[in-house]
Structure formats: C-alpha cells, structure tokens
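Below you'll find the structure, written out as structure tokens, and then a few comments.
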Amino acid sequence: MKLSAELSVYPLREDFKSAVLGFIDELLRGNDVVAVTNSMSTQISGEDEAVFSAIQAALRASYERFGRQVLVAKFIPEHFADIGPEG
C-alpha cells in the first residue's frame, strides 16, 4: 500500500540544527522513498514498508548519534505525494 508521512523531529539538545539535518540526511538514504523538506517538516512517500523502514533507520541512527529526541508523525494510508524533483 502507498503511504505518505509528515515528520517533525525535535532534538532535546542545544545544537538542534545538526541533529535535524542528520535525521533528514539519514531519512533520504533510502532509494525506495521520495521526500521533500521545508522549514516545518519533512514529507516522505512510498510503499508502506519502505516508508516505515526509512523512518526506523533514520530515528535509530539519529538517536545513536545525537541522543534523545521527539518525533511527531502523521500518516496518510493509500496516498502517494507527487513530491519528486519535478513535483
């Protein structure tokens, strides 16, 4: 099933910018998802297993590198956002 998610990560540290960018970089490593970022959130779309896998890997890597953080996520099942380079 196609799935879109909107994610906002809130690192519990003073140097939050590097932690947010690190989370986004890790999230974008997956080739099976498409994503777009803005100043408030990151939207990611793809097959549900790929989306959940990308989120899990990014959160795990970010936690190991930057410590505690809060992740707020909204999911839209059966939805694929046309957010590629031309979208």
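State the number of residues belonging to the stretch 26-62 that are touching a Ser or Thr at 6+ places or on another chain (Cβ under 9 Å) and either over 16 Å from F80 (Cβ atoms) or of a type in the set (V, I, T) (or both).
Within the stretch 26-62, the subset touching a Ser or Thr at 6+ places or on another chain (Cβ under 9 Å) is 26-28, 30, 32-36, 40-46, 51.
With either over 16 Å from F80 (Cβ atoms) or of a type in the set (V, I, T) (or both) added as a condition, the list becomes 26-28, 33-34, 36, 40-42, 44, 51.
Number satisfying all stated conditions: 11.
Among the residues of the stretch 1-60, those identified as in contact (Cβ under 8 Å) with a residue 40 or more places away in the chain, of a type in the set (S, T, N, Q) and surrounded by fewer than 16 Cβ atoms within 10 Å (Cβ to Cβ) are S8, S18.
No lab work stands behind these numbers, since they all come straight from the coordinates. Remember, it's a predicted structure, so these values are computed and weren't measured experimentally. Heads up, the Cβs are rebuilt from the backbone with ideal geometry, glycines too, and the neighbour counts pull from every protein chain shown.
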